[in-house]
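Asker: The following block contains the structure, expressed as structure tokens.
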Amino acid sequence: MTPITAKTGLILEGGAMRGMYTAGVCDVLMEQNITFDGCIGVSAGATFGCNFKSRQIGRTIRYNTKYSRDPRYASFRSLLFTGNYFGTKLCYDDIPNRLDPFDYETYQSNPMPFYIVCTDADTGEALYHRADTCDARDLTYMRASASMPLFSRIVEVDGYHLSDGGTADSIPLAWFRKQGYARNLIVLTRPEGYRKSTSSPAMNALLRLSLHKYPALAKALEQRHIGYNRTLDEIAAAEQTGDVLVLRPSRDLHLGRIEKDPDKLREMYNLGRSDAEAKLAQIRAFIAKSDV
């Protein structure tokens with residue numbers, strides 16, 4: 001009898017600079033030649049996770065530790081003068097095209113589909129984009145996915161007004177399952193036991209004020225904790241059935257989303273590496289069970 005293969009997926013949560021954990025996990029997976037039928041990234045899970053498809057081991061931690069303290073990369077000065085805390089030109093042009101070149105050829109030749117999650121600012125709903133080439137258009141969707149409210153401008157592409165993908169779908173397990181990815185390795189950037197809390201009334205008021213042109217986005221941000229925690233419950237249930245394997249930080253390093261200290265970034269990256277290495281046998285067994 002010919003075995004029935006269940007498609008495997010790699011789901012990468014965001015978390016801005018907490019994404020160094022994801023970078024460590026992905027580098028170990030690449031070193032071990034562990035592959036998946038598809039990958040989906042949210043926010044930093046997209047901007048860093050694309051290096052998994054281009055097979056560039058070490059690139060994420062390399063350029064982040066090198067440029068993290070460069071005000072053109074990330075700074076409140078950039079936020080003040082451009083409206084974006086993370087500098088668009090350095091992050092999405094100079095680094096991938098000149099300073100630490102992205103391997104577009106390998107990315108495009110890799111048959112694994114790579115998806116990006118954004119939030120439609122006009123509706124507050126998730127938008128899913130398949131990035132096949134990582135060209136300027138795909139990079140714009142990637143930038144949109146990582147555009148944190150209050151720290152970034154709304155990104156316009158293909159007639160959409162887009163924002164941080166984590167607002168509408170931080171961990172897109174349900175959507176990825178609908179695309180046929182029945183067995184998924186999920187990389188989270190928060191330790192076990194984390195639950196997202198409600199935003200303060202003051203923060204909600206600030207969001208409504210700053211996003212007055214996009215009330216649906218402001219509402220989605222106010223309610224984000226509900227969907228996030230519900231997804232955590234769904235993941236826990238899927239772990240019990242064996243359809244999901246989760247990697248999450250084994251220790252809370254209390255790394256902030258806009259951390260700039262290269263040593264702390266590397267510590268988070270190394271934690272991702274060590275956690276992935278500790279679970280290599282489980283990961284291999286999980287992938288092997290996809291052929292039944």
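Asker: In segment 172-279, what trypsin sites (Lys or Arg not before Pro) fall in a loop by DSSP, with at most 12 other Cβ atoms inside 10 Å?
Answerer: ARG195, LYS213, ARG251
Asker: Here is a further query. Of the options PHE76, ILE235, LEU139, report the single residue whose Cα projects farthest towards the positive end of the charge dipole of the chain (beta-carbon charges: Lys, Arg +1; Asp, Glu -1).
Answerer: Final value for the positive-end residue is PHE76.
Asker: Hey, how many Å between the Cα centroid of segment 87-119 and the Cα centroid of segment 170-235?
Answerer: Going from one Cα centre to the other spans 25 Å.
Asker: Let's test the formula: R0 of 35 Å, r as the Cβ-Cβ distance of ASP158 and ALA205. What FRET efficiency results, to the nearest 0.05?
Answerer: 0.65
Asker: Sorted by accessible area (1.4 Å probe), largest first, how do TYR92, TYR228 line up?
Answerer: The most accessible residue leads, giving TYR92, TYR228.
Asker: Dividing the alpha-carbon Rg of segment 189-271 by 2.2 N^0.38 Å yields what?
Answerer: That works out to 1.39 for segment 189-271.
Asker: Right, here's the next one. At 7 Å along Cα-to-Cβ for each site, give me the label-to-label distance between THR5 and GLN32 in nm.
Answerer: 2.0 nm
Asker: What do you reckon, how do ASP122, ASP243 stack up by accessible area (1.4 Å probe), largest on top?
Answerer: Largest to smallest exposure gives the sequence ASP122, ASP243.
Asker: Name the shape class, rounded, prolate or oblate, that the alpha-carbon gyration tensor gives for segment 5-52, where a ≥ b ≥ c are the square roots of its eigenvalues, rounded holds for a/c under 1.5, and otherwise prolate holds if a/b is larger than b/c and oblate otherwise.
Answerer: Note, shape of segment 5-52 comes out oblate.
Asker: Next up: Ratio of Rg to Rh for the chain, alpha carbon only, Kirkwood?
Answerer: The Rg/Rh ratio comes out at 0.95.
Asker: Between ALA174 and ARG72, what's the calculated FRET efficiency when r is the beta-carbon distance and R0 is 25 Å? Round to 0.05.
Answerer: Efficiency, rounded to the nearest 0.05: 0.10.
Asker: Evaluate E = 1/(1 + (r/R0)^6) for ARG195 and ARG55, where r is the Cβ-Cβ distance and R0 equals 30 Å; express this FRET efficiency to the nearest 0.05.
Answerer: 0.30
Asker: What is the angle, in °, between the Cα long axis of helix 136-145 and the longest principal axis of the Cα atoms in the chain? Nearest 10 is fine, range 0 to 90.
Answerer: For 136-145 against the chain, the angle is about 80 degrees.
Asker: How much length would be gained if the chain were fully extended between ALA136 and ALA182, taking 0.36 nm per residue of separation minus their Cα-Cα distance, in nm to one decimal?
Answerer: Extending this stretch completely gives an extra 13.5 nm.
Asker: Can you give the calculated 222 nm mean residue ellipticity of the chain, where each DSSP H run of n ≥ 4 adds -39,500 (n - 2.57) and the sum is split over every residue, rounded to the nearest 500 deg cm²/dmol?
Answerer: The per-residue figure over the chain is -12000 deg cm²/dmol.
Asker: Shape verdict for segment 1-126, please, from the Cα gyration tensor: rounded (a/c under 1.5), prolate (a/b greater than b/c) or oblate.
Answerer: Judged from the Cα gyration tensor, segment 1-126 comes out prolate (a/c at least 1.5, a/b above b/c).
Asker: Take the solvent-accessible surface of the protein heavy atoms, probe 1.4 Å, and return the percent of it on the chain that carbon and sulfur atoms account for.
Answerer: 51 percent
The values are calculated or read from the model by the stated rules, or taken from the named source; none is laboratory data. On a predicted model such as this, the values are computed, not experimentally measured, just so you know. Note that we place each Cβ from the backbone using ideal geometry, even for glycine, and neighbour counts take in every protein chain shown. Accessible surface areas use protein heavy atoms only, side chains included; no ligands, DNA or RNA. Shrake-Rupley method; radii C 1.70, N 1.55, O 1.52, S 1.80 Å.
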